[in-house]
Amino acid sequence: MDARQDFALAFLSILFEGAPFILLGTLVSGLLDVYLPSGAMERLLPKNRVAAVLVSCLLGAIFPVCECAVVPVIRRLVKKGLPVSCGLGYMLAAPIVNPITALSTWKAFEGQSPLMMTGGRLALGYLIAVAVALIVLRLPVGMVLRPSMLAEPASSPDESPDESCCDHGCGCHGEAPDSSDGKLVAAFRSALKDFVDVGVWFSVGVALTALFNTGIAPGARWLDQVAQHPAGAPAALMGLAYVLSLCSTSDAFIAATLDRFSWGAKLAFLVFGPMLDVKLTFLYQSVLRKRFILALAAGLFVAIGTLSMLWQFWLTR
Amino acid sequence: MTPKLQRVLFSLAILSWSAALLYFHASGRIVKYLAPDFRPIALAGGLGLAVLGLFNLLTAGEKADHDHGPSELNPWLAFLLMVAPLGLSIAWTKDEYSFAALSRKGLFDSPAASGASALAATRPPLTREELEKGHRRTADGFYEFNLIEIFLATGDREQQGLLDGMKIATEGKLAPDPAGEGKRARLYRLFVTCCAADSRAIPIALDLGGLPAAEVAAGGWAKASGTLTFPHEGGLIQPVLKVERLEPTAPPAEESFLRN
């Protein structure tokens, strides 16, 4: 009975915390679906593909979203013609490289070198996102996106929204009046579908997180033992970040209390968590292929772990 | 399944999330789940979900400018995955953790082993006079301290020196200490960063001596008055309040400590 009560409290608290941000993301995605002309995002970015990646990883500074909200937005933007590499770069960078996360990290580490931690977090988050996006740039889209994402692509940037996002055989083109009422119904309907597509994975992810969260203590004791290990500490904190699935706007407040750990290990926690955790593993499945998610997880773990250790080495040399 | 029926089903799933958010807000139970800055966001989320769900429910049969195909998820499975964990959690929740979960969140750990020293390092140095001046004194001579002040003092040698032997009164929830053989208990509050899932217990040890704690139920709010000491126990410094009086008290408006 205790376990039920503990699971329920953890489940509801994470659900209540995250659901509004998913709603925000799906409403934005619904509006983008109906009102944003196909290819508009692509036209905003530089023509050079590498420069486009570099800029897209900074867009979180203008469009700040946390990791829960970014997935439905990216689903829609990629369908609207945003290059997959740019979409993925934005998806990984935006929860970190945004003013809200920067401010919360600064506040959390006040009195504990806030400039070093905030600057390190933003820089490493940006670097990793750019690196992943540049790799994706060289991959066939079919290796990255799940088939359902490929089934509803924008055929060309010049197509009208209706033509571009509805080659799925719904048979609705030209039938419904092109009225503001019709557009509004379409926007809400799109948001409904996106919310359920993301909400289902979120619900499963939150349930798993709640199970881990309420049984975290044996892991916490084990964490104490690895806190001073140069490679074990960042690896353990990345594992903890994965399990806890905290929001990027607030995870710094947890990291700041992990006083047994090095700055490098805390940095790994702060960069890895917003890019991959239990709930994101499920949310990503609404956009990405499972095999790609596995490769992404391994790559992020190795790259963030290695760079965090190097950063720690540079700080203490 | 027809697209209309699917839209109705999905709208109902969203409305169930909305109802949960709005109910917990209206009943005041939300304070047990979220930190204050997340509560208005949750209310806005509940209202937004209500609008989204109701709008789609009422327009489920209308034609739109362009409709997307049906969700790739089985609609019944999607509905079940969204509604069942929520419904079960609402049925199971008691708005608080069990002692088993609290022990995993540091209820029986020493503050010295759970980050008190790092947090204490951010506090300015004080003198005994300043401490006494900054705290109200009860009629029977106990200085009223917030529990977290005592917890943080464990990480600050200077504070310990000032507080050691001081007669203080503080409030928190009472938990029996399984290793205390009836002579020890814990007084604790939770520290919440964003939501209950990330909470940590902020405990101090109570030395009850021969004092019966039966008047305060386990998990109930209590005011403990006594002399504060900082003995070494198990190789760690532990704040221990040698209790002279333990009485039930009403919970404060905000039961948890918050990051602000």
q = 0.11, 0.12, 0.15, 0.19 Å⁻¹, the stretch B:3-92: log10 I(q)/I(0) [Debye, one scatterer per Cα]: -0.37, -0.43, -0.64, -0.91
task: Arrange the following residues from fewest to most other Cβ atoms within 10 Å of their Cβ: A:Ser248, A:Ser113, B:Ser18, A:Ser190.
output: A:Ser113, B:Ser18, A:Ser190, A:Ser248
- request: Please build a GNM for chain B, connecting alpha carbons under 10 Å apart, and tell me which residue among B:Trp17, B:Trp92, B:Trp221 fluctuates the most.
  value: B:Trp92
statement: Of B:Ala78, B:Ala26, B:Ala139, the most mobile residue in a GNM of chain B (C-alpha springs, cutoff 10 Å) is B:Ala139
- line: From the cross-link list B:Lys105/B:Lys223; A:Lys79/A:Lys266; A:Lys279/B:Lys173; A:Lys47/A:Lys193, the entries with a Cα-Cα span beyond 29 Å are A:Lys79/A:Lys266; A:Lys279/B:Lys173; A:Lys47/A:Lys193
task: With the Cα gyration tensor of the stretch B:99-258 in hand, give its eigenvalues times 5 under a square root as the equivalent ellipsoid semi-axes, listed largest first in whole angstrom.
output: 21, 19, 16
- prompt: Near the amide H of B:Arg186, under 5 Å away, which other amide H atoms are found, from residues 5 or more places off or on another chain, if H is placed in the peptide plane?
  reply: B:Ala175, B:Asp177, B:Leu206
message: Quick check for you: which residues of the stretch B:1-20 have the amide N under 18 Å from the point 7 Å beyond the Cα of B:Trp76 toward its beta carbon?
response: B:1-13
message: From the phi angles alone, apply the Karplus equation (6.51, -1.76, 1.60; θ = phi - 60°) to the stretch A:199-208 and give each ³J(HN,Hα) in whole Hz, x where the residue is Gly or Pro.
response: x, 4, 5, 4, 4, 5, x, 5, 4, 5
message: Given R₀ = 22 Å, what would the calculated FRET efficiency be for B:Val51 paired with B:Ala84, taking r from the Cβ atoms and rounding to 0.05?
response: 0.35
query: Between A:Arg146 and residues 5 or more places away or on another chain, which pairs have amide H atoms under 5 Å apart, with H built 1.01 Å from N, and which residues are they?
result: A:Leu288, A:Arg289
statement: Given A:134-147, B:187-200, A:286-299, B:162-175, the highest-first ranking by average Cβ count within 10 Å works out to B:187-200, B:162-175, A:286-299, A:134-147
statement: Once normalised by the length of chain B, the mean sequence separation of its alpha carbon contacts under 8 Å that are 6 or more apart gives a contact order in percent of 17
- prompt: Which distance in nm do the two modelled labels at A:Lys47 and B:Arg128 give, with both placed 7 Å along the Cα-to-Cβ direction?
  reply: 7.9
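Read-outs: derived from the displayed coordinates by stated rules, not from any lab. In this text the structure is predicted, and so the values were computed from the model without any measurement. Cβ coordinates were reconstructed from backbone atoms using ideal geometry, including for glycine residues, and neighbour counts include every protein chain displayed.
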